[in-house]
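Enquirer: The following block contains the structure, expressed as structure tokens.
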Amino acid sequence: MYELSKEVEEYQAKVREYAQTVVKDYAKKMDETNDGGEKIVQDMGQKGLLGMKIPPNYGGLGLGETAFAIATEELGAESGGASHSLHTQLNALQLLLSVGGDAAKEWIEEGSKGKEIYAVALTEPAAGSDLGAFQTTAKQEGNEFVINGEKIFTSAGSFSTKMVVLARTSGNIGDKQGVSLLLIDSKTSGVEIHKLDLMGIRGAGVSYVKFNNARVPKDTIIGKEGDAYKGAIKALMVSRNGYAGIAVGIARGSLDEAVNRANARKQFGKSLIDQEWIGFNLSDAFIKVEAARLLTLRAAYLFDKGKEALSEASMAKYYAAVTSAEVSRLALHIYGGHGLTRGSKVERLYRDSKVMEIAEGTNEMQLMGVSRLLKKQ
């Protein structure tokens, strides 16, 4: 059921090579400077590795959600920030595709080549990720829309060229109708972008954004005005599996570091991996990483078959996030004091995992997805 096609295997090999030859060394700089995610998007676009799940008629590779899950894992094994930068670009492309379709073709093609770098401005300080409850508005004045409101945890905000924004153009808070998707220039007057100094997923440009009477042309609306809610929900459901891929990658990278350390270091006359408690814990971690990957690939497989896989993607996202935290913590213990050194790979992956666990591990929408599966039993 999860056997990869030849095309996906070839794609995986190319992404893995990029991750291990470029991202591996670049990851430390991203973490230290809290910047640089745009390079990941541009590099992958130039190498023809971006837009893996976007249909060919929109400038993508058409390899599906399975390839997306694989790409986020490969990059995540070296850097959560790098993988998150990739995910944001694809999340934006998915939103443009789901809401705008052919009307957004030009922007999807540009984004698939890495010529435009997109931020995703959805989450708000008060409403969180509840798309019906957000308070950002875009009111029409003549041939323009005037945007006011706040967005928090806007991925790629600090280095984006354009910003995908959900705002209310009509109706009341809580209504599903009246929600519109806008694609605006990130340098628009009245748009304030403040990069956040997060403990992990650094370099991904996660920012606080404030819209203060930001005026944009009427044609910045993507798709039909006031009718973006359904398409946005669909796009976000699909993107959940990419978060699972990031977490699987963090877990795998942590496990690799732990195994290498346990094999190389000797204590009391034998390698650490031969110490019973370490060997058992590493075996347990290996099983959990494999299980998280299989959950992620199953959801991707169902999405590629055109099926709704909210429950499956929710389980993958939750379990992968929890696993990344557990395995990275184990890696720290095996490294001992050396793992606590600021900037070491295991210390960095541990911080990445905590962001995934808190921000992506458990939320209302995810638990609702799992509860739907329970009702089918």
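The values are calculated or read from the model by the stated rules, or taken from the named source; none is laboratory data. Everything numeric here is computed off the predicted structure, so don't read it as measured data. Here the Cβ positions follow ideal geometry from the backbone for every residue, glycine too, while neighbour counts run over all protein chains shown. These area figures cover heavy atoms from the full protein model, side chains too; ligands, DNA and RNA do not enter into them. Shrake-Rupley method; radii C 1.70, N 1.55, O 1.52, S 1.80 Å.
Enquirer: Since residue 1 meets every condition but one in (1) surrounded by 21 or more Cβ atoms within 10 Å (Cβ to Cβ); (2) hydrophobic (A, V, I, L, M, F, W, C); (3) modelled with pLDDT under 95, which condition does it not meet?
Expert: Unmet for residue 1, out of (1) surrounded by 21 or more Cβ atoms within 10 Å (Cβ to Cβ); (2) hydrophobic (A, V, I, L, M, F, W, C); (3) modelled with pLDDT under 95: (1).
Enquirer: Given (1) open to solvent by 10 Å² or more (accessible area, probe 1.4 Å); (2) within 14 Å of the chain's Cα centre (by Cα), where does residue 143 come up short, assuming only one miss?
Expert: Result: residue 143 passes all but (2).
Enquirer: Against the conditions (1) open to solvent by less than 10 Å² (accessible area, probe 1.4 Å); (2) within 23 Å of residue 234 (Cα to Cα); (3) in a strand (DSSP E or B), where does residue 152 fall short? Just the number, please.
Expert: Looking at each condition in turn, residue 152 falls short on (1).
Enquirer: Output yes when any residue across the range 45-58 is within 25 Å of residue 230 (Cβ to Cβ) and in contact with a Phe, Trp or Tyr (Cβ under 7 Å, 6 or more places away or on another chain), and no when none is.
Expert: yes
Enquirer: Restricting attention to the range 49-70, and to residues there that are of a type in the set (Gly, Ala, Ser) and farther than 13 Å from residue 9 by Cα, which single residue is surrounded by the fewest Cβ atoms within 10 Å (Cβ to Cβ)? Walk me through how you get there before you give the answer.
Expert: As a first pass, look at the range 49-70 and keep what is of a type in the set (Gly, Ala, Ser): 51, 59-60, 62, 64, 67, 69.
Now narrow it down to the ones that are farther than 13 Å from residue 9 by Cα: 51, 59-60, 62.
Numbers: 51: 26, 59: 19, 60: 21, 62: 14.
Only one residue tops the list, namely 62.
Enquirer: Within the group 12, 42, 89, 46, which residue is at pLDDT 95 or above and either of a type in the set (Val, Ile, Thr) or over 19 Å from the mean Cα position of the chain (by Cα) (or both)?
Expert: On the way: 12 fails: either of a type in the set (Val, Ile, Thr) or over 19 Å from the mean Cα position of the chain (by Cα) (or both); 42 fails: either of a type in the set (Val, Ile, Thr) or over 19 Å from the mean Cα position of the chain (by Cα) (or both); 89 fails: either of a type in the set (Val, Ile, Thr) or over 19 Å from the mean Cα position of the chain (by Cα) (or both).
Just one listed residue meets the conditions, 46.
Enquirer: Still on this model: Please work out which residue is least open to solvent (accessible area, probe 1.4 Å), limiting yourself to the range 20-48 and to residues that are more than 15 Å from residue 114 (Cα to Cα) and assigned to a loop (DSSP other than H, G, I, E, B).
Expert: Of the residues in the range 20-48, the ones more than 15 Å from residue 114 (Cα to Cα) are 20-35.
Now drop any that are not assigned to a loop (DSSP other than H, G, I, E, B), which leaves 34-35.
On the way: 34: 16, 35: 59 Å².
For the range 20-48, the residue satisfying everything is 34.
Enquirer: Residues that are without any contact (Cβ under 8 Å) to a residue 24 or more places away in the chain: list the helices (runs of 4 or more DSSP H) wholly contained in the range 58-116 that include at least 1 such residues. Give the derivation first.
Expert: Numbers: elements: 64-76, 80-95, 105-112.
In the range 58-116, the matching helices (runs of 4 or more DSSP H) lie at 105-112.
Enquirer: Ok, one more. Residues that are more than 25 Å from residue 234 (Cβ to Cβ) and modelled with pLDDT of 95 or more: does the range 51-72 have at least one? Full working, then the answer.
Expert: Pass one, the range 51-72, residues more than 25 Å from residue 234 (Cβ to Cβ): none.
There is no residue in the range 51-72 that is more than 25 Å from residue 234 (Cβ to Cβ) and modelled with pLDDT of 95 or more.
Enquirer: Residues of the range 155-182 being open to solvent by 10 Å² or more (accessible area, probe 1.4 Å) and in contact with a helix residue (DSSP H, G or I) (Cβ under 9 Å, 6 or more places away or on another chain), which ones?
Expert: Kept after step one, since they are open to solvent by 10 Å² or more (accessible area, probe 1.4 Å), are these residues of the range 155-182: 155, 158-162, 168-177.
Listed by number, the residues that qualify are 155, 158, 159, 160, 161, 162, 175, 176, 177.
Enquirer: Failed condition for residue 17, given (1) part of a helix (DSSP H, G or I); (2) touching a residue at least 60 places away in the same chain (Cβ under 8 Å); (3) under 18 Å from residue 252 (Cβ atoms), with all others met?
Expert: Every listed condition holds for residue 17 apart from (2).
Quick grid of which residues meet (1) at pLDDT 85 or above; (2) under 17 Å from the mean Cα position of the chain (by Cα):
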| position | (1), (2) |
| --- | --- |
| 324 | yes, yes |
| 341 | no, no |
| 344 | yes, no |
| 349 | yes, yes |
| 360 | no, yes |
| 373 | no, no |
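Enquirer: Going by the structure shown, is residue 354 at pLDDT 85 or above and open to solvent by 10 Å² or more (accessible area, probe 1.4 Å)? Outline the logic, then answer.
Expert: Values: at pLDDT 85 or above: yes; open to solvent by 10 Å² or more (accessible area, probe 1.4 Å): yes.
In short, yes.
Enquirer: If you check residue 78 against the conditions, is it open to solvent by 10 Å² or more (accessible area, probe 1.4 Å), under 14 Å from the mean Cα position of the chain (by Cα) and of a type in the set (Asp, Glu)? Working first, answer last.
Expert: Numbers: open to solvent by 10 Å² or more (accessible area, probe 1.4 Å): yes; under 14 Å from the mean Cα position of the chain (by Cα): no; of a type in the set (Asp, Glu): yes.
Spelling it out, it is not the case that residue 78 is open to solvent by 10 Å² or more (accessible area, probe 1.4 Å), under 14 Å from the mean Cα position of the chain (by Cα) and of a type in the set (Asp, Glu).
Enquirer: Taking the range 284-308, which residues are of a type in the set (A, V, I, L, M), under 30 Å from residue 230 (Cα atoms) and in contact (Cβ under 8 Å) with a residue 24 or more places away in the chain?
Expert: Taking the range 284-308 first, the residues of a type in the set (A, V, I, L, M) are 285, 287, 289, 291-292, 294-295, 297, 299-300, 302.
Filter once more, so that each one left must be under 30 Å from residue 230 (Cα atoms): 292, 294-295, 297, 299-300, 302.
Answer for the range 284-308, where residues must be of a type in the set (A, V, I, L, M), under 30 Å from residue 230 (Cα atoms) and in contact (Cβ under 8 Å) with a residue 24 or more places away in the chain: 292, 294, 295, 297, 299, 300.
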